[in-house]
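Here is the structure we will look at.
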Amino acid sequence: MRIRRETPADIAAVDRLIGRAFDGHPHSDGSEPAIVRRLRKAEALELALVAEEDGEILGHIAFSPVGFEDGSDGWFGLGPLSVEPSHQRQGIGSSLMLGGLELMRDDNAAGVVLVGDPKFYTRFGFQSDTDLSMEGVPPENLLALPFDGDIPKGQVAFHRAFFGDL
Ligand SMILES: CC(C)(COP(=O)(O)OP(=O)(O)OC[C@H]1O[C@@H](n2cnc3c(N)ncnc32)[C@H](O)[C@@H]1OP(=O)(O)O)[C@@H](O)C(=O)NCCC(=O)NCCS
């Protein structure tokens, strides 16, 4: 299994993979493939990695810029993170996380924020006991990992591609 940057030739397979990963997911409205398409279109897909094995795309991770009420910059939102259902719990999601975080850190990002399950993400150093907030998101599901300095305070704004047509 290889982790590498997404290329234009991957886009159709990535779209299908994200759809399958979130199909029937309790916290999904099925919008994840469209979110990634809109981020791409808006040139806001700062980093996208795929996990590939024998020419098949088995996982994908996306990072995009976020804004904060307190004006902090240099932070990125992580998500969606998708692994092919038949290949989940085999370490692919963790490899994408570790690969993506390393590249973001190398690129001098200030930190990464995400909405997700603390049970999965705290193992990568993310914490939920912050002064951040996001409308409609329970505080325990809003997690941050600073690479440099403090975690910003107040409202987080993910890219508008997460919320509908641009
Ligand atoms: C969540 C997801 C990305 C994890 O990827 P993965 O390749 O299955 O995860 P890994 O094999 O690297 O890690 C598995 C570990 O994470 C835990 N885990 C996996 N999915 C989890 C979930 N939804 N909630 C809590 N823990 C989870 C497993 O218990 C396992 O822990 P262990 O190592 O202690 O046994 C993948 O299951 C997935 O695509 N799910 C559907 C989409 C989704 O929920 N995406 C994340 C929200 S943006």
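Here are a few things to note about the model shown:
- In order along the range 7-21, phi translates into HN-Hα couplings of 10, x, 5, 8, 4, 5, 5, 5, 4, 5, 4, 4, x, 5, 4 Hz, rounded to whole numbers, per the Karplus curve 6.51 cos²θ - 1.76 cosθ + 1.60 with θ = phi - 60° and x for Gly and Pro.
- Counting only alpha carbon atoms, the long axis of helix 92-106 and the longest principal axis of the chain meet at about 50°.
- The range 1-66: C-alpha gyration tensor shape, a/c 1.5 cut-off, then a/b vs b/c: oblate
- Legend: calculated FRET efficiency, ARG20 to ASP70, from the Cβ-Cβ distance at R0 = 41 Å, rounded to 0.05, equals 0.60.
- Mean Cβ count within 10 Å, highest first, over the residues of peptides 30-40, 103-113: 30-40, 103-113
- From its DSSP helices (H runs of at least four residues, each -39,500 (n - 2.57)), the chain gives a residue-normalised ellipticity at 222 nm of -7500 deg cm²/dmol.
- DSSP bridge orientation in the chain - percent antiparallel, rounded to nearest 5: 85 percent
- Dipole moment magnitude, nearest 20 debye, the range 89-166 about Cα centre, only Lys, Arg, Asp, Glu C-beta charged: 260 debye
- Note on GLU53 and ASN108: their simple-model spin labels are 3.8 nm apart, each label 7 Å out from Cα toward Cβ.
- Beyond 25 Å, the tail of the calculated P(r) for the range 2-162 holds 25 percent of the Cα pairs.
None of the figures in this text is laboratory data; all of them are computed from the coordinates on show. Small disclaimer: the values here were computed from a predicted structure and weren't measured. Every residue, glycine among them, receives a Cβ derived from its backbone with ideal geometry; neighbour counts consider all protein chains shown.
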